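Step one of this worksheet: look at the structure below.
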Amino acid sequence: MTESLRPRTTSHLQLREESARRRFWQTLFLLLLLPNGLNAQVAFEQPPINYSSARTVDCVARLQEQIDAGNVSLEYDSQHGYLKALLAQLSVSRSSQVLVFSKTSFQQRRISPELPRALYFSDTVYLGVVPGGDVVEISAVDPNLGVNFYTLRQEVSDKPKFVRETGNCLQCHGSALTRDMPGHLVRSVYPDPNGHPILTAGSFLTDHTSPFQQRWGGWYVTGEHGAQRHLGNLCVRTADDVARLDLEQGANKKDLNGLFDSSRYVASHSDIVALMVLEHQAMMHNLITRANYLTRVTLRDAELMNQMLERPKDYRSDSTVRRIQGAGEPVVECLLFCDEAALTAPIRGTTEFADEFAARGPRDRARRSLRDFDLQRRMFRYPCSYLIYSEAFDGLPDAAKEYVYRRLWEVLSGSDDSERFRHLSRADREAILQILRDTKPGLPDYWRETERSGASEGSNAQAEPSAASGVIP
């Protein structure tokens, strides 16, 4: 090679190296600018989530389309407004009614112990109503956006309009209380006789892991729970009264007679089983939303990095893999009821909620369902959340869903027998595994690898009677 060619070769290599370094620092700079990890409300308003501007596909959006097309009409009732029509159209049972009398919603001016706010819910939608109130509050679970908030004015209209709320509701339901993304809250407070929460006395966000004695402050509770005590059905005058609060007064109430005028409601109870399901469901929906958002943000960041570093589009770095794992593992743990607070006495509700809930199935070949209640030592007989069947779960990005399925299989097949999942007996794991094989579409093929041995080992489990509380034979 001649001397004149050497500088050109060296210069070309240097340019390539400098270009690679420049692309790296450009990528790093852009990633620092992007909202990474959704640590602020504005993050879910930016790509790839675009919360407020994205098209909604939840059950309320679908109902609005039917109303606008003239295929569905909502009957207005002089006493309850559109509530009864909404319960029917959205397939929400009246037995799901639970009552909260603390002033902890945007209708707080109307709410009091004498006029509690009624909540009704299914797997996909939550409705809130105060008798005489101007609106029905609605939150609907969306497979892409997690949860959407709506109001419907309680006034006669040929074609009622659901108004999507992306402002007021998110002050609480898109804050640190919900991990900075749109979500649900089940809050327990110490209410004064007017329903104002005495926040200096503390409060609790409750779910299925919460100790019984922290639950349902500011809520009415009907049902039997033995010697277990909760904060429901009680008021305190000052923060100093909390230390000497007599929990016996609110315990094991079979009805709410004398506390308020129940004739203004479509039901007269606030069923303890419905409250327990509501707590689990709210947390499960929030964690699915979190996994959805974080995985989509992670894949966005990975795609940008791969483009800048000229790597294959679907390349996943160790950092990308860890972020997907961090988003998915809490979903796995919640699905399998890790850290569930143990029951120390049987639970019995005061409505048909438990029977109606269990009857919705689906059931496996041995007539078992993830909706079958235990209510003796834990909430469900087969501790895997029924929300694995939900549109929200199915709407998870493939990367997140693949991770969750792999981890579930590792735990249920017994290959992961770590302390975190020791609350699941071998019989529990085998039963859940078979129920999901029989009832959950779209399971990965490797879930069938142990089916032959699992079926033979599980033959005794299939012969068990389904006599648990709330189970339909």
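Details
- All of PRO465, PRO383, PRO397, PRO441 fail the test of being modelled with pLDDT under 95 and either farther than 21 Å from GLN325 by Cα or in contact with a helix residue (DSSP H, G or I) (Cβ under 7 Å, 6 or more places away or on another chain) (or both), apart from PRO465.
- Residue within the range 397-414 that is among the aliphatic types (A, V, I, L, M), outside any helix (DSSP H, G or I) and either touching a residue at least 12 places away in the same chain (Cβ under 8 Å) or on the phi > 0 side of the Ramachandran plot (or both) present: no
- Qualifying residue in the range 335-349 (condition: more than 30 Å from ASN257 (Cα to Cα) and assigned to a helix (DSSP H, G or I)): yes
- Some residue of the range 181-188 being at pLDDT below 95, closer than 21 Å to ASP261 by Cα and either not small (Gly, Ala, Ser) or not in a loop (DSSP other than H, G, I, E, B) (or both): no
- Under the condition of being in contact with a helix residue (DSSP H, G or I) (Cβ under 9 Å, 6 or more places away or on another chain), surrounded by 23 or more Cβ atoms within 10 Å (Cβ to Cβ) and within 10 Å of HIS196 (Cα to Cα), the residues counted in the range 95-112 number 0.
- Considering the conditions (1) at pLDDT below 95; (2) within 21 Å of the chain's Cα centre (by Cα), VAL92 is excluded by exactly one of them, (1).
- Check on TYR389, under 16 Å from VAL331 (Cβ atoms) and surrounded by fewer than 23 Cβ atoms within 10 Å (Cβ to Cβ): yes
- Selection from the range 117-141 of residues that are assigned to a strand (DSSP E or B) and in contact with a His (Cβ under 9 Å, 6 or more places away or on another chain): TYR126, VAL129, SER139, VAL141
- Residue that is farthest from the chain's Cα centre (by Cα) [pool: residues in the range 305-315 that are touching a residue at least 40 places away in the same chain (Cβ under 8 Å) and crowded, with 16+ Cβ neighbours inside 10 Å]: MET308
- Scope the range 296-334; condition among the polar types (S, T, N, Q) and in a helix (DSSP H, G or I); matching residues: THR298, ASN306, GLN307, SER319, THR320, GLN325
Yes/no matrix, rows are residues, columns are (1) hydrophobic (A, V, I, L, M, F, W, C); (2) within 27 Å of the chain's Cα centre (by Cα); (3) surrounded by fewer than 20 Cβ atoms within 10 Å (Cβ to Cβ); (4) under 22 Å from SER139 (Cβ atoms):
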{"site": "HIS196", "(1), (2), (3), (4)": "no, yes, yes, no"}
{"site": "GLN214", "(1), (2), (3), (4)": "no, yes, yes, no"}
{"site": "ALA239", "(1), (2), (3), (4)": "yes, no, yes, no"}
{"site": "ASP246", "(1), (2), (3), (4)": "no, no, yes, no"}
{"site": "ASP255", "(1), (2), (3), (4)": "no, no, yes, no"}
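- Subset of the range 135-158 that is at pLDDT 95 or above and among the charged types (D, E, K, R) - its residue that is surrounded by the fewest Cβ atoms within 10 Å (Cβ to Cβ): GLU155
- Any hit, the range 221-230, residues being of a type in the set (Asp, Glu), under 17 Å from PRO116 (Cα atoms), surrounded by fewer than 19 Cβ atoms within 10 Å (Cβ to Cβ) and in contact (Cβ under 8 Å) with a residue 24 or more places away in the chain: no
- Condition broken by VAL163, with the remaining ones in (1) loosely packed, with under 15 Cβ neighbours inside 10 Å; (2) modelled with pLDDT under 95 satisfied: (2)
- Pick from the range 262-304, criterion more than 23 Å from the chain's Cα centre (by Cα) and closer than 26 Å to TYR120 by Cα, ranking: surrounded by the most Cβ atoms within 10 Å (Cβ to Cβ): HIS269
- All of (1) surrounded by fewer than 22 Cβ atoms within 10 Å (Cβ to Cβ); (2) under 30 Å from VAL236 (Cα atoms); (3) not aromatic (Phe, Trp, Tyr) hold for VAL72 with one exception: (2).
- Within the range 73-116, being in a loop (DSSP other than H, G, I, E, B), of a type in the set (Asp, Glu) and over 14 Å from PRO191 (Cα atoms) holds for one residue alone: GLU75.
- Residue check for ALA366: touching a Ser or Thr at 6+ places or on another chain (Cβ under 8 Å) and either assigned to a loop (DSSP other than H, G, I, E, B) or surrounded by 20 or more Cβ atoms within 10 Å (Cβ to Cβ) (or both): no
- Screening ILE435, ILE388 for residues that are in contact with a Cys (Cβ under 9 Å, 6 or more places away or on another chain) and modelled with pLDDT of 95 or more leaves exactly one candidate, ILE435.
The values are calculated or read from the model by the stated rules, or taken from the named source; none is laboratory data. No experiment lies behind these values; they were computed from the predicted model shown. Ideal geometry is used to build each Cβ from the backbone, glycine not excepted, and the neighbour counts take in all protein chains shown.
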